[in-house]
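Just so it is clear, none of the values below were taken in a lab; they were calculated from the coordinates. Treat the numbers as computed from the prediction; the structure is a model and nothing was measured. Don't worry about glycine lacking a Cβ; one is built from the backbone with ideal geometry, like all the others, and counts go over all protein chains shown.
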Amino acid sequence: MDTLFEFLFKYRGIAFEQGDFAFGAPGSFRIWLGIAGVIAASAVATYTIARGKSSVVDRGVMASLRVALLGLLVFCLMQPTLRISTVVPQQNFVGVLIDDSRSMGLDNEDGTRRSDFVSEAFTPGTGTLFDGLSERFVLRFFRFSDFADRIDGLGELTYDGTRTDVARALDAAREDLAGVPLAGLVMVTDGADNDDRPLTEALVPLQAAGVPVFTIGVGDEVVEPDIELGRVELPRAVLEGSTLMVDVVVTQHGFGQRTVPIIVSDDTRILAEESVDLGPDGEPVVARIGFELEQAGSRRIEFQIPTQSGERVEENNHRTAWVDVRGEREKILYYEGEPRFEVKFMRRAVEDDENLQLVVLQRTAESKFLRLSVSDSTELAFGFPGTREELYRYRALVLGSVEASFFTYDQLQMIADFVSVRGGGLLFIGGHSAFAEGGWIGTPVEEVLPVVLRDPEQTGPQGFFAEVKVEPTPAGLAHPAVQLDADVGAVSARWDSLPALTVVNPITRTRPGATTLLEGINTDGITGDRQVVLAFQRYGRGTSIALTPQDTWLWQMHADVPLEDQSHESFWRQMLRWLVDGVPDAVSVVTDQERVEPGETVRLVATISDSTYLEVNDAGVTATVTSPSGVVDELPVEWTVEEDGEYIVEFRPSEMGDYEIMLEASREGAALGTDVSVLHVARSDDEYFSSARRTSLLQRVADETGGRFYTADDVATLPEDISISGAGVTLTEEHDLWDMPAIFLMMMLLMGAEWGFRRVRGLV
């Protein structure tokens, strides 16, 4: 039957199913329809006029046959064609993107490596996918990790990349193949994307161009048995002797309900060890570990869980971070408006601390002041600083019980700017002349405070005096400033053992964004809101802290407190260290990454201000970079234009180890300041964390671009799926239909039918 159809109509039936019918003759369809109408009318008129012996029926039949014949003739004159669009072999392109990161070298559950699939599928001559795709398309191969580039063959793959940047890979392939007929992209990866770039930015252009992405996921969706340490967040810089509290997230599969140790160490010794009880499979557990950093310098801190028997991935059992432990002395100005015990105990807390200098200005009478721990006879000789240059020499400011009216308006604004502009730390301590009771409502300083002040007349029947039992909030339990015990689990008990306080400024609300670390519970039986005891907030470049009690000295002097209890002293030492933590210098330099691999681009970002901490845009800035081997490079650092006071330069370290960066800034020949930073160049282990196959990400890439997601087990249909996807440029062929045997056969039949009809009816 198919042979007969092809004989009559020239082509197979499938050609008519896939093709589109069209006319090739010049002129519009309406013109040719008009011509056909004129011919038909002439034929009808001819038989109508030439009646002869024929009847009306005879003339109608003969006219119809003649019109049909003439219609076929007009049909042929219109040059009917069949247009068939087909994919032309070796004309459409397909980009094959292969993950070249370190996670591709991990073993699967069956003992094979993830990278083995690439060799099996895409080796020319033996790879099933390579053969199937190359029959229909021109293939272009790309590798990607923290970068993406085109390769000539699988031999260029190293599986040593430090990241898996899916977005960068898609962008690179799309840009490289722009201008060629692109049928689609094939991406082979475990999907463990550990880059911060938004994936949507790479998918939108592919959607617009109609380029589908066919993703092939390799690796196991669950890697087990395995234990993984989550990312550890440490401050970049702390003072020597600081105690850090770090939350470590531990996730496991196959080791549920087991107890394992977390060991914290530096290059020389073990700093802490904490046991953690693992939960059910896949559920993260948070372990809080505290340790002290006593030695100044750049410190390499390692968190590690010993490798367990049978563990699939050993590299994700440890995390490394670097902390710059500063040994320089930080100056804090403490202004107190009345004699009080806190001055004595605060000074005692830091008298042996080589990193803190507490300079005290205490009012002893209406116009008499006591200066303590000043550097020379001129320091604070005229009382509280009257200029920004004088105040900004200090890194932190403590205000005790002093009324707002003591200060001029310019000084009040200067205190607010000390936090927001200079980036200093402000600690506001409770007292009879503090907070609302001291007339601070409506002053520029009020906006800086993390608490909401209310009129003293609205404080309720308790007034200023109330017995308050202090306890840490959940946020406080995680904050180093309120850690009164080296044993994290004993912190709540230590706070519970301290006596209640009796003089607390009645504050119950904090500002939006502020954090409460300590709160007070009234113990006199009077119901009411919990009082804010200790709260803080970021304000501008700095931090403001509110401590509402006046008599924390009770934690030292109360009869129920043992003599050996040093909770009060520890509290103040940690508070003052926290107060100066993170306070910027007028000249500072940081790197956009604390650790890179050799050859990676590093951006140095410097902020330059004058002595009043106003940004400077016309400074001369130079960065002197010293490599681990002692090679010195001087790099000019240029103002960015986009941000006031921000200067940037990029470079690529080539050696493993620590690079020292010395930044110097000057203006019109006068030095503005210097700063030193350290860049750590080492191999990254990021690829070994969260290394399970991320099916959801790969499915998303495929779905949003019109592609399809495959696993290594069901990828056999991939070449056919791309070929029928409709993507890419196709070749259109036109086949004539006017000379089909069926048309000539119909013409002969019509002519024969007319002659036969005339003969039968006796009209010949």
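Please report, for the Cα atoms of the stretch 509-594, the Rg to one decimal and the Dmax as a whole number; what are they, in angstrom?
Looking at the stretch 509-594, its Cα Rg and Dmax stand at 17.4, 55 Å.
Towards the positive end of the charge dipole of the chain, with charges on Cβ (+1 Lys, Arg; -1 Asp, Glu), say which of LEU139, MET746, PRO636 has the farthest Cα.
MET746
Return one number: the angle in degrees, 0 to 90 and rounded to the nearest 10, between the long axis of the Cα atoms of helix 166-176 and the longest principal axis of the Cα atoms of the chain.
That helix lies at roughly 50 degrees to the long axis.
What's log10 of I(q)/I(0) for the stretch 330-580 at q = 0.09 Å⁻¹, Debye sum over Cα points only, no solvent?
Values returned for q = 0.09 Å⁻¹ are -0.36.
As an exercise, use a Förster radius of 51 Å and the Cβ-Cβ distance of LEU4 and ASP714 to find the FRET efficiency, rounded to the nearest 0.05.
It comes out at approximately 0.80.
Taking 0.36 nm per residue of separation and subtracting the Cα-Cα distance, what length does fully extending ASP149 through THR320 add?
Once the chain is fully extended between ASP149 and THR320, it gains 58.6 nm.
Using a cut-off of under 17 Å, list every residue of the stretch 292-313 whose amide N is near the label point 7 Å from the Cα of ARG231 along the Cα-to-beta-carbon line.
So the set is 303.
Helix 741-760 against the longest principal axis of the chain: what's the angle in degrees, Cα atoms only, rounded to the nearest 10?
Between the helix axis and the principal axis of the chain, the angle is about 40 degrees.
Could you work out how far apart the two model spin labels at ALA742 and ARG652 are, taking each label as a point 7 Å from the Cα in the direction of the beta carbon, and quote it in nm?
6.6 nm
Between GLU390 and ASP496, what is the FRET efficiency for a Förster distance of 30 Å, r being their Cβ-Cβ separation, to the nearest 0.05?
Efficiency for this residue pair is about 0.10.
Please name which of MET245, ASN316, ALA287 has its Cα lying farthest along the dipole of the stretch 226-326 towards the positive end, using unit charges on Cβ (Lys, Arg +1; Asp, Glu -1) and the Cα centre as origin.
Most positive-ward Cα: MET245.
For the stretch 330-580, calculate the relative contact order in percent as a whole number, restricting contacts to Cα pairs under 8 Å that are 6 or more residues apart.
Working: 506 pairs, mean separation 53.2, N = 251.
Once normalised by length, the contact order is 21 percent.
Provide THR515, THR548 in ascending order of the number of other Cβ atoms located within 10 Å of each residue's Cβ, fewest first.
Numbers: THR515 15, THR548 26.
With the sparsest Cβ surroundings first, the list reads THR515, THR548.
So how strong a dipole does the stretch 330-580 carry about its Cα centre when Lys and Arg Cβ are +1 and Asp and Glu Cβ are -1, to the nearest 20 debye? Each step should come with its number before you reach the end.
Details: 22 positive and 34 negative charges, 125 e Å.
Approximately 600 debye in magnitude.
Semi-axes of the equivalent ellipsoid for the stretch 587-681, please: Cα gyration tensor eigenvalues, times 5, square-rooted, ordered largest first, whole Å. Present the calculation step by step, with values, prior to reporting the outcome.
Details: eigenvalues 119, 34, 21 Å².
Taking √(5λ) for each eigenvalue gives 24, 13, 10 Å, largest first.
Using a basic spin-label model with each label point 7 Å from the Cα along Cα→Cβ, how many nm lie between THR626 and THR158?
3.0 nm
Expressed in whole Å with the largest first, what are the equivalent ellipsoid semi-axes of the stretch 315-357 derived from the C-alpha gyration tensor as the square root of 5 times each eigenvalue?
Ellipsoid semi-axes (Å, largest first): 36, 12, 10.
In 10 Å bins starting at 0, how do the alpha-carbon pair distances of the stretch 238-337 split up by percent?
P(r) over the stretch 238-337, rounded to whole percents: 13, 40, 24, 14, 6, 2, 0.
When the C-alpha atoms of the chain are aligned to their principal axes, what extent does each axis show, in angstrom, from largest down?
Here the spans come out as 145, 65, 60 Å, largest first.
Enter the Cα centre distance for the pair the stretch 154-220 and the stretch 368-440, rounded to the nearest angstrom.
Comparing the Cα centres of the stretch 154-220 and the stretch 368-440, I get a distance of 57 Å.
Percentage of Cα-Cα pair distances in the stretch 283-404 greater than 26 Å, rounded to whole percent?
The answer is 46 percent, as a whole percent.
Let's see if you can work this out: charge +1 on each Lys and Arg Cβ, -1 on each Asp and Glu Cβ, no other charges. What is the dipole magnitude of the chain about its Cα centre, in debye to the nearest 20?
4580 debye
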